[in-house]
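Each remark here refers to the structure printed beneath this line.
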Amino acid sequence: MKDVKEQVAYLKGLIDGSDFLAKEGKERAVWERMLELFSAVAEGLEELKAGQKELEEYAEALDDDLAEIEEELYGEEEAGEDEFVEMECPHCKEAVRFAEDLLYEDDVEVTCPNCGEVVYASEPGGDGEDEAHPDETK
């Protein structure tokens, strides 16, 4: 499809080459004003397209920069690197998800974000064998 500027130029050529309008007169002035308006609209559309393209490129650059920052802050996560455990809160029955690594640490307490009750607690200064919540069985 032709762009708007090409279509306006084509229309101008049709009007200039037509015999249905006098070379002078009000009708000719009206058509010329309409062509000027169409040309201004076409120019505005071209500017909008250029601005849109510039914004898209800028957004892509920001996205790339953000990805780099995230990688620096959080490191690159590999599939399966972080394992999670999901437990049901015995009080509100909400599912609580936390990193599996917490199961192997001493003095850890995981609370339900919904009701604030303890869902999991390891033994303080334990020997690596952690106890799940009393309602949980291994």
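Give me the extension gain from Arg33 to Leu73: residue separation times 0.36 nm, minus the current Cα-Cα distance, reported in nm with one decimal. If you can, show how the numbers build up before the last one.
Working: separation 40, 0.36 × 40 = 14.40 nm, distance 5.91 nm.
Result: 8.5 nm gained on full extension.
Using amide H atoms built 1.01 Å from N in the peptide plane, name the residues 5+ places from Tyr120, or on other chains, whose amide H lies under 5 Å from its own.
Val110
Specify whether the C-alpha gyration tensor of the stretch 4-74 places it in the rounded, prolate or oblate class, a ≥ b ≥ c being the square roots of the eigenvalues: rounded for a/c under 1.5, otherwise prolate if a/b is larger than b/c and oblate if not. Each step should come with its number before you reach the end.
Details: a/c = 11.43, a/b = 5.25, b/c = 2.18.
The shape class here is prolate.
Which number gives the lysine pairs in the stretch 4-74 that have C-alpha atoms under 29 Å apart and are eight or more places apart or on different chains? Walk me through the intermediate numbers first.
Numbers: Lys5/Lys23; Lys5/Lys26; Lys5/Lys49; Lys5/Lys53; Lys12/Lys23; Lys12/Lys26; Lys12/Lys49; Lys12/Lys53.
For the stretch 4-74, qualifying lysine pairs total 8.
Since every read-out is calculated from the coordinates, none of them should be taken as a lab result. Predicted model only: the values in this text are computed from it and were never measured.
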